[in-house]
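Heads up: the structure comes next, in structure tokens.
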Amino acid sequence: FQVQAGARPHLAQLLAVRSLFSGSLLALHRLQGDHVRALSQVLFLTPHLPAFFLRRRLRSHVLEIRHLDRALLHLGPGQLSEEELRAACYLRGLNSTHLGQAECRAWLEQWLRLSCELQ
């Protein structure tokens, strides 16, 4: 499938390619330096480090998100204040400044469904 630049893919599109995102922490060790830098930039992490350090930082970030996703799934995204909701979206790579609270909540709910599908 193809997603236009700036567009958010639908959950069904992501689930169709979930095998690419499953495995040993997204198999970050197999990513090329340019891909590691791009992924760091998407997650609002500083991409101006050697690839080795970026991989370690991404691994740590992915583990943190994974633990937070599990906790948030039990709590439910409906329990978050607007500030907490926007912070949760930002941590996962979504700049929600131009989105309403309902859009942020819907995006986070889709993220959590996808996150729980991945191993």
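Take region 50-119 with all the other protein chains still there, run a 1.4 Å probe, and you get 63 Å² of accessible area per residue. Enclosing the Cα atoms of region 37-89 in their convex hull gives a volume equal to 66 cubic angstrom per residue. When peptides 76-84, 89-97 are ranked by their average number of other Cβ atoms within 10 Å per residue, the highest-first order is 89-97, 76-84. Here the spin labels are modelled as points 7 Å beyond Cα on the Cα-Cβ line, and at ALA87 and LEU49 they lie 2.2 nm apart.
The values are calculated or read from the model by the stated rules, or taken from the named source; none is laboratory data. This is a predicted model, so every value here is computed, not measured. Using ideal geometry, Cβ is built from the backbone for each residue, glycine included, and neighbour counts are taken over all protein chains shown. With ligands, DNA and RNA removed, areas are computed over all heavy atoms of the protein, side chains included. Shrake-Rupley method; radii C 1.70, N 1.55, O 1.52, S 1.80 Å.
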